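The values are calculated or read from the model by the stated rules, or taken from the named source; none is laboratory data. Just so we're clear, the structure is a prediction, and the values are computed from it rather than from any experiment. Cβ atoms come from the backbone with ideal geometry, glycine included; neighbour counts cover every protein chain shown. The area values use the complete protein model at the heavy-atom level, side chains included, leaving out ligands, DNA and RNA. Shrake-Rupley method; radii C 1.70, N 1.55, O 1.52, S 1.80 Å.
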2 protein chains.
Amino acid sequence: MRPIMTAFEKSPDGGQGLARDMRVRWAFEEVGQPYEVRLVSFKGLKAEAHRERNPFGQIPTLEEDGLVLFETGAIVLRIAEQHPGLLPADPAARARAIMWMFAAVSTMEPPIIEREQAGYSDRGKSWYSTERFAFLEERIGVRLGELSARLGENDWLDGDFSAGDLMMVMVLRRADARLLEEFPNLHAYVERGKARPAYQRAFAAQWRVNGEGPVPV
Amino acid sequence: MRPIMTAFEKSPDGGQGLARDMRVRWAFEEVGQPYEVRLVSFKGLKAEAHRERNPFGQIPTLEEDGLVLFETGAIVLRIAEQHPGLLPADPAARARAIMWMFAAVSTMEPPIIEREQAGYSDRGKSWYSTERFAFLEERIGVRLGELSARLGENDWLDGDFSAGDLMMVMVLRRADARLLEEFPNLHAYVERGKARPAYQRAFAAQWRVNGEGPVPV
């Protein structure tokens, strides 16, 4: 039995590969594990059948041999623990790769998502303002600067490509390209991630669900 | 050599145990691992010596046999993997406990921290308003309601107490007590966590650094 992942029936990004199922698809592709996809409508996300999988009504989830998981970080870690290719064998290097996974979702992602949400859920609110966007982007810029300084001239965050890089590249993709371009090494880091054959297979797979026409190069 | 953790020289919460070192202290206490603490001043957080430990200039960090880790989730997971007591032996249950760790920092915590930050870093800004606070608290309320529904009448999120509960209890402590009290089972869940002897030892240890007078009961 192949593992089953849930994804948006139609991603709001129209196939840009920014939805979180892309992270799980990429992980499966890196380790060569075939998987099935169960598409869920927006209405279905909040229905009881999906809440059973994820009480917060979000995608992606993973079902495998009776195990049901949600949280992208936990799913990617599970895949990385079951198959070689996403975590180093050395215990200290392995712990650092997991550290970067947490850093991606817990330190880098929240200000990026806050800025993203301010663009739509705050629309029409009294506090919706370009001044506030600038404030939020400055906060993202601080984190990007810190990450840029740590990455330096390295290809990946700690030795070879790992699940930590996979998560970080995907989180950085959610930041406005304008912000990322101020840090050429981070921009190049994201491009390196996107150039991986496994990324491209995953991107094409989500494009077939969400996009229109041929897969953009 | 005992592992060395960093913590605030003086926590801004004056000993309420809301700073993230409390999560690591609690994990060490649950598994019975003695540890050393290196206190860091606010200035020291942004100094090069600490940036070496954590590029984002935050506490806590862990140093152990040459391994240096940051990110509370990664540190607690490392402790849980090295010692029995915080992760179930069954592989599926273990994966679910790790899932709850990610859910704590990636799904529950961001809106809670956003509300917290809005109370101080937004002060004096044009968008600082009670209307915005209500909006942010409604968002937290949605997540609390979803978590409450999943927890139901259970003592812990999935079977016995795990590192997932440890992280979730600490994240819920950061939410305004007013919001939590709308969900009696979540309130009781947090109180159950706080009643654990390991929690109380950890709390007393951080109080000796940050508080004044006898440890509050």
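Residue-wise test of (1) at pLDDT below 95; (2) crowded, with 19+ Cβ neighbours inside 10 Å.
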{"site": "A:LEU144", "(1), (2)": "no, yes"}
{"site": "A:LEU147", "(1), (2)": "no, yes"}
{"site": "A:ASP155", "(1), (2)": "no, no"}
{"site": "A:LEU166", "(1), (2)": "no, yes"}
{"site": "A:ASP176", "(1), (2)": "yes, no"}
{"site": "A:HIS187", "(1), (2)": "no, no"}
{"site": "A:GLY193", "(1), (2)": "no, yes"}
{"site": "A:GLN200", "(1), (2)": "no, no"}
{"site": "A:ALA205", "(1), (2)": "no, yes"}
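Could you count how many residues in segment B:1-25 are part of a loop (DSSP other than H, G, I, E, B) and among the hydroxyl-bearing types (Ser, Thr, Tyr)?
Step one: filter segment B:1-25 for residues part of a loop (DSSP other than H, G, I, E, B), giving B:1-3, B:9-20.
From the residues that got through so far, the ones that are among the hydroxyl-bearing types (Ser, Thr, Tyr) too are B:11.
Total satisfying the criteria: 1.
Within segment B:107-122, does at least one residue satisfy the condition of being surrounded by fewer than 20 Cβ atoms within 10 Å (Cβ to Cβ), within 22 Å of A:ALA74 (Cα to Cα) and either touching a residue at least 12 places away in the same chain (Cβ under 8 Å) or at the interface with chain A (Cβ under 10 Å from one of its Cβ atoms) (or both)?
Taking every residue of segment B:107-122 in turn, at least one turns out to be surrounded by fewer than 20 Cβ atoms within 10 Å (Cβ to Cβ), within 22 Å of A:ALA74 (Cα to Cα) and either touching a residue at least 12 places away in the same chain (Cβ under 8 Å) or at the interface with chain A (Cβ under 10 Å from one of its Cβ atoms) (or both).
Can you tell me which residue in segment A:38-62 is nearest to B:ILE140 (Cα to Cα), limited to those that are touching an Asp or Glu at 6+ places or on another chain (Cβ under 6 Å) and within 10 Å of chain B (Cβ to nearest Cβ)?
Of everything passing the filter in segment A:38-62, A:PHE56 is nearest to B:ILE140 (Cα to Cα).
Go over the candidates A:GLY141, A:GLY124 one by one and state the one that is assigned by TED's automatic domain parsing to the domain that holds A:ASP165 and part of a loop (DSSP other than H, G, I, E, B). Give the steps one after another, and end with the answer.
Numbers: A:GLY141 fails: part of a loop (DSSP other than H, G, I, E, B).
After applying the criteria, what remains is A:GLY124.
Kindly evaluate B:ALA134 against the criterion of being surrounded by 15 or more Cβ atoms within 10 Å (Cβ to Cβ) and more than 15 Å from the chain's Cα centre (by Cα).
no
Taking A:ASP165 as the residue in question, decide whether it is assigned to a loop (DSSP other than H, G, I, E, B) and not β-branched (Val, Ile, Thr). It would help to see each step written out before you state the result.
Values: assigned to a loop (DSSP other than H, G, I, E, B): no; not β-branched (Val, Ile, Thr): yes.
Spelling it out, it is not the case that A:ASP165 is assigned to a loop (DSSP other than H, G, I, E, B) and not β-branched (Val, Ile, Thr).
One line per residue, one yes/no per condition, for (1) modelled with pLDDT of 95 or more; (2) within 20 Å of the chain's Cα centre (by Cα); (3) over 14 Å from A:VAL24 (Cα atoms):
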| residue | (1), (2), (3) |
| --- | --- |
| A:PHE42 | yes, yes, yes |
| A:LEU45 | yes, yes, yes |
| A:GLU48 | yes, no, yes |
| A:GLY57 | yes, yes, yes |
| A:GLY66 | no, no, yes |
| A:GLN82 | yes, yes, no |
| A:ARG96 | yes, yes, yes |
| A:TRP100 | yes, yes, yes |
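Tell me which residues, restricted to segment A:63-103, are open to solvent by less than 10 Å² (accessible area, probe 1.4 Å) and either more than 9 Å from every other protein chain (Cβ to nearest Cβ) or among the basic types (Lys, Arg) (or both).
A:VAL76, A:ILE79, A:ALA80, A:LEU86, A:ALA97 - these are the residues of segment A:63-103 that are open to solvent by less than 10 Å² (accessible area, probe 1.4 Å) and either more than 9 Å from every other protein chain (Cβ to nearest Cβ) or among the basic types (Lys, Arg) (or both).
Taking segment B:183-202 as the region of interest, how many residues are touching a helix residue (DSSP H, G or I) at 6+ places or on another chain (Cβ under 7 Å) and in contact (Cβ under 8 Å) with a residue 24 or more places away in the chain?
Within segment B:183-202, the subset touching a helix residue (DSSP H, G or I) at 6+ places or on another chain (Cβ under 7 Å) is B:183, B:185-187, B:189-190, B:193, B:198-199, B:201-202.
Checking the rest, the ones that are also in contact (Cβ under 8 Å) with a residue 24 or more places away in the chain come to B:183, B:185-186, B:189, B:193, B:198-199, B:201-202.
Total satisfying the criteria: 9.
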